[in-house]
Structures are given as structure tokens and as C-alpha cells.
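The values are calculated or read from the model by the stated rules, or taken from the named source; none is laboratory data. From a predicted model like this one, the values you see are computed outputs, not experimental measurements. Positions of Cβ are generated from backbone atoms using ideal geometry, with glycine treated the same way; all protein chains shown enter the neighbour counts. What goes into the accessible areas is simple: the full protein's heavy atoms, side chains included, and nothing from ligands, DNA or RNA. Shrake-Rupley method; radii C 1.70, N 1.55, O 1.52, S 1.80 Å.
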Amino acid sequence: MEQIHTVQEMILRISDLHGKSVGFVPTMGALHQGHLNLIQNARKENEIVVLSIFVNPTQFNNTSDFSKYPKTLIQDLSLAKAAGVDYVFTPDESDLYPDKYRFKMTENDFSKKLCGHHRPGHFDGVLSVVLKFFNIIKPDRAYFGEKDFQQFSLIHDMAAAFFVPVQIKMVETTREFSGLALSSRNLRLSPEQKSLAAELYKTLSEKITASEASKKLETLGFKVDYVEDHNERRFAAVVLGDVRLIDNVKI
Ligand code: AMP
């Protein structure tokens with residue numbers, strides 16, 4: 001496995017692959033089993049696997065959430081190596097944003113709902129950085145988690161709208177035994193908050209209305225950003241302490 005620090009070096013490596021199929025897994029690091037399952041799918045379906053680790057500043061609308069985002073690069077590199085990654089791309093912000101974010105990708109419908117409504121500009125940042133990665137890495141397939149279904153759906157539609165020749169694949173949510181969706185942000189939960197966090201998935205899975213689920217979560221001690229049904233899925237975002245958690249289930 002090779003770590004690649006610059007955009008220029010990454011472009012050169014990709015051009016040396018001479019048509020080998022490339023699977024790409026973008027992450028913000030603090031890798032856990034959810035990320036590893038994305039890598040495993042990429043490993044099965046492609047000759048080369050590229051993982052990116054980049055805490056993307058443009059998708060954070062809250063500076064303390066950005067500065068407190070967990071960083072575990074040394075451990076991430078050894079997990080990535082063990083999972084069979086070929087290249088880990090760890091660019092700098094100035095290298096990835098030579099334009100200082102003068103140009104961005106905007107979607108004007110679904111990205112304004114759910115997390116986009118509560119985190120203005122979030123999906124502009126996500127779509128912009130993912131499009132940059134697609135142009136640098138030129139993957140055949142790119143892998144995204146069902147946990148962030150809104151993100152998956154927007155990236156899927158962006159790739160189609162801009163004729164990016166990449167297949168966008170969804171990998172199902174990896175959960176703890178309690179039902180809690182694995183997330184890098186879980187590292188910031190206390191043991192008590194973590195056991196309460198498992199109630200999010202349980203409540204979303206109950207046969208009650210979205211507004212009943214929202215009330216129940218508030219009663220349990222969550223601050224609820226939203227619980228909403230869209231396209232046969234129930235989506236929720238809640239805050240515990242200063243940690244924001246999201247999840248969704250099929251209904
Ligand atoms: P992140 O590092 O949180 O930006 O996530 C990188 C990718 O991993 C995204 O496509 C996420 O949807 C995916 N991911 C994160 N957590 C999980 C999980 N528990 N199960 C499946 N995919 C996940």
C-alpha cells in the first residue's frame with residue numbers, strides 16, 4: 001500500500017494503471033468496520049482500490065464540529081493496509097482547493113431537505129469535494145454507505161447529471177449489536193450517551209409515525225433536528241451532548 005499526499009502524484013499514479021479497474025472509497029478517516037465494509041466491496045469488484053482520507057472543511061457548517069472531528073491517521077493506515085487498499089490519498093486542503101472554494105457544485109432540491117436544511121451548505125461541500133475526487137481518481141466504481149443515504153442519492157444523481165463515467169454503489173449500514181450505526185463521531189460519545197444512542201435506530205424501526213418517533217426521541221433525552229419520511233425511508237438526525245448522529249431505515 002502506498003500513501004499519496006498530493007493531487008499531482010495521484011493523477012500520475014492513476015495514469016500509470018493502464019486501464020485497470022479502480023474502486024474508490026472516500027472517507028474522512030477515523031476508520032471503523034463500516035468503512036472497512038465499503039473497502040471490502042471495492043476490493044471484490046476492482047483490480048485497484050483507492051481510499052481517500054480527508055476531513056473536508058467545506059462540508060462543515062460548524063467550526064467546532066470540524067476541529068473536534070476525530071483524527072486517527074496512523075491506525076487508519078494500518079487498517080487500510082490490512083483491508084487490501086492499494087493507494088491511500090491524503091491531500092492537503094490547499095492542494096484540493098487551489099481556487100479557495102471559489103467554484104462549487106450545487107443541487108437545488110433534495111440537498112435543501114433533511115441534513116441540508118439543518119446544515120446549510122453541507123451538501124455543496126460534499127458534492128464539490130467528491131466531484132474533485134472523481135476527476136482526479138477517475139474511478140470505475142465508487143462506494144458510499146447507506147447510513148448517509150441522502151449523500152449517496154445526491155452523489156448518484158450528480159454523477160448522472162454531469163456524465164461522470166463512474167458507477168455509484170451503495171453498501172448497507174454496518175451496526176453495532178445494539179443497532180447503533182457505526183460512525184467516526186461515536187468516538188466522542190460517553191459510555192452512557194452511547195447506550196442511549198442505540199435508541200435512535202430502535203425508535204426509527206418502530207411502527208409509529210415520524211412525529212411520534214420524534215417525540216419519543218425527545219423524551220428519551222435527544223435533541224431532535226428532524227425525523228422525516230421521504231421515498232419510503234425514515235430519516236433522522238439527533239444531537240447528544242455536542243455530537244450529531246444520523247440514521248435512516250427503509251419503511
Ligand atoms: P465518513 O468518513 O463518515 O465521511 O464516511 C465515509 C463513507 O463511509 C460514507 O460513504 C459513509 O456513508 C460510509 N459509512 C460511514 N459509516 C457507515 C456505516 N456504519 N455503515 C456503512 N457505511 C458507512
- prompt: Taking chymotrypsin sites (Phe, Trp or Tyr not before Pro) as exposed when DSSP calls them loop (any state but H, G, I, E, B) and at most 16 other Cβ atoms lie within 10 Å, what is the longest stretch of the chain free of them, the sites themselves excluded?
  reply: 1-100
- request: Any of 100/138; 20/104; 132/169 with alpha carbons more than 20 Å apart? Name them for me.
  value: 100/138; 20/104
statement: The relative contact order of segment 1-98, taking Cα pairs under 8 Å that sit 6 or more residues apart, comes to a percentage of 43 percent
statement: Here, residue 45 and residue 94, labelled 7 Å along Cα→Cβ, have an inter-label distance in nm of 3.8 nm
field: In segment 75-104, the trypsin sites (Lys or Arg not before Pro) that fall in loop regions by DSSP, at most 12 other Cβ within 10 Å
entry: 100, 102
task: Assuming R0 = 22 Å, can you tell me the calculated FRET efficiency for the pair residue 198 and residue 251, based on Cβ-Cβ distance, to the nearest 0.05?
output: 0.70
- prompt: Which of the lysines could a cross-linker bridge to residue 202, judged by Cα under 21 Å and excluding same-chain residues fewer than eight apart?
  reply: 147, 194, 215, 216, 223, 250
query: Tell me which aspartates and glutamates have Cα within less than 15 Å of residue 44's Cα, excluding those fewer than 8 residues away on the same chain?
result: 86, 140
The chain, accessible area per residue, ligands and nucleic acids excluded (1.4 Å, Å²): 49 Å²
message: Using each residue's phi in segment 208-218, evaluate 6.51 cos²θ - 1.76 cosθ + 1.60 at θ = phi - 60° and report the 3J(HN,Hα) Karplus result to the nearest Hz, with x for Gly and Pro.
response: 9, 6, 4, 6, 5, 4, 4, 4, 4, 5, 4
- prompt: Working from the pairwise distances between different alpha carbons, so that the mean of 1/r is found and then inverted, what is segment 79-187's Kirkwood radius in Å?
  reply: 15.6 Å
task: Tell me which residues come under 5 Å, amide H to amide H, from residue 89 once H is placed; ignore anything under 5 positions away on its chain.
output: 4, 51, 52, 53
query: In nanometres, what is the gap between the two model label sites at residue 176 and residue 118, each 7 Å from Cα along Cα-to-Cβ?
result: 1.9 nm
message: Tell me which of 41, 80, 67 sits at the most positive position along the dipole axis of the chain, charges placed on C-beta atoms (Lys, Arg +1; Asp, Glu -1).
response: 67
